[in-house]
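Below is one structure; the comments refer to it alone.
The values are calculated or read from the model by the stated rules, or taken from the named source; none is laboratory data. Because the structure is a prediction, the values reported are computed rather than measured. Here Cβ is always computed from backbone atoms with ideal geometry, including for glycine, and neighbour counts include all displayed protein chains. With ligands, DNA and RNA removed, areas are computed over all heavy atoms of the protein, side chains included. Shrake-Rupley method; radii C 1.70, N 1.55, O 1.52, S 1.80 Å.
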Amino acid sequence: MARPHPTPFGVDSEKPSTARIYDYFLGGSDNYRVDRATAERIMATVPDSAATVQANRDFLVRAVRFLAGEAGIDQFIDIGSGLPTRLNVHEVAQGVNPEAKVVYVDYDPAVRAYGDVLLATNDSVRFAQQDLREPQEILADPAVRALIDFSRPVAILLIAILPFIYDTEDPEGIMVRLREASAAGSHLVISHIVDDPRSRAVAVTQRQSATRAWTPRSRARIAGFFGEYELLDPGLTLAHRWRPTAPQPGHGSPGGRAEVDESRLNWLLAGVGRKPSPPAGPAQEL
């Protein structure tokens, strides 16, 4: 497949990139031979990988539509955003609310290079080259501060990025900082792979391919990332079960009903949480 964009300056096309591997899984073309080879090794080891990546992306789109519409959120931070692809967060959010503002955050210089080109024509979208392991740097970044008002509700999106934070890097502490920086009414959107033979097998292949390997975690650990945030219905669930939309005619099985093989998708959890208002103080006597 021909690549639509030239190789950005400083991007190493001989070393596999997690962002470009993800792009390949989604049918994108901003990837190189080394990325495709790594993705194919992952799929050879765990054939369910591609379906799970697609379920992850579909969950993101549904969650953003809900937030921009029913929840009334008009500012978003997508941390670990990866390469721009079809139905990006700003396209989904602004399709519901044209005034929505979005900041993409990723530490990969390749993502920054592609993002700057694709987002240059939208004044309500910015890119910050920052690392989730340094949440204070994200919160203080000029691109973030230019668009995001933390005194108002904001949606922070952490889509399949927390697995790439090792336990030694204090993922719980990172989440405390992000939650504390957000106003009441803010939302967290998280997807995370669970500890499963497939997720462990993928991690082995990632290490063998010299890419950052993810860390599978238990349901309890994943739920803990939401902290005091109230999980919205249907709670922390399989990603494809989170408020699924009706199948469209012409998709899936005959008659337009999409058949879901849950055994292929039962190692990816997802949820959306809302930060509650602080408890009211004692009533004052008149």
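Across all C-alpha atoms in the chain, the radius of gyration and Dmax reach 19.0, 74 Å. Result for the chain in a Gaussian network model with C-alpha springs under 10 Å: among Arg152, Arg65, Arg57, the largest mean-square fluctuation is at Arg152. Extension gain for Ala146 to Glu180 (0.36 nm times residue separation, less C-alpha to C-alpha distance): 10.3 nm. DSSP finds beta bridges in the chain, and of those with both partners inside it, around 40 percent are antiparallel. Using a Gaussian network model of the chain with C-alpha springs under 10 Å, which one of Val46, Val272, Val103 is most mobile by mean-square fluctuation? Maximum fluctuation in the GNM of the chain, among the listed residues, is at Val46.
Computed over region 68-196, the percent of Cα pairs more than 21 Å apart is 36.
Count the net charge of all other residues whose Cβ sits under 11 Å from the Cβ of Asp149, scoring Lys and Arg as +1 and Asp and Glu as -1. In short, +2. For the chain, the per residue solvent-accessible surface stands at 47 Å², with DNA, RNA and ligands left out and a 1.4 Å probe. When only alpha carbons are used to place a centre, region 17-79 and region 209-240 end up 16 Å from one another. Normalised by 2.2 N^0.38 Å, with N the number of residues, the alpha-carbon radius of gyration of region 140-206 equals 1.37. Relative to the current alpha-carbon distance between Thr237 and Ala210, full extension at 0.36 nm per residue lengthens the span by 6.6 nm. Glu169: net charge of surrounding residues, Cβ under 15 Å, Lys/Arg +1, Asp/Glu -1, itself excluded? With Lys, Arg at +1 and Asp, Glu at -1, the net is -1.
What is the angle, in °, between the Cα long axis of helix 171-180 and the longest principal axis of the Cα atoms in the chain? Nearest 10 is fine, range 0 to 90. Relative to the chain, helix 171-180 is tipped by roughly 40 degrees. Split the accessible area of region 70-222 by element, probe 1.4 Å, and carbon with sulfur accounts for 50%.
Just add up the charged neighbours of Ala55: K/R +1, D/E -1, any other residue whose Cβ is under 12 Å from the Cβ of Ala55. Each step should come with its number before you reach the end.
Working: positive: Arg57, Arg62, Arg241, Arg264; negative: Asp48, Asp58, Asp261, Glu262.
Its environment carries a net charge of 0.
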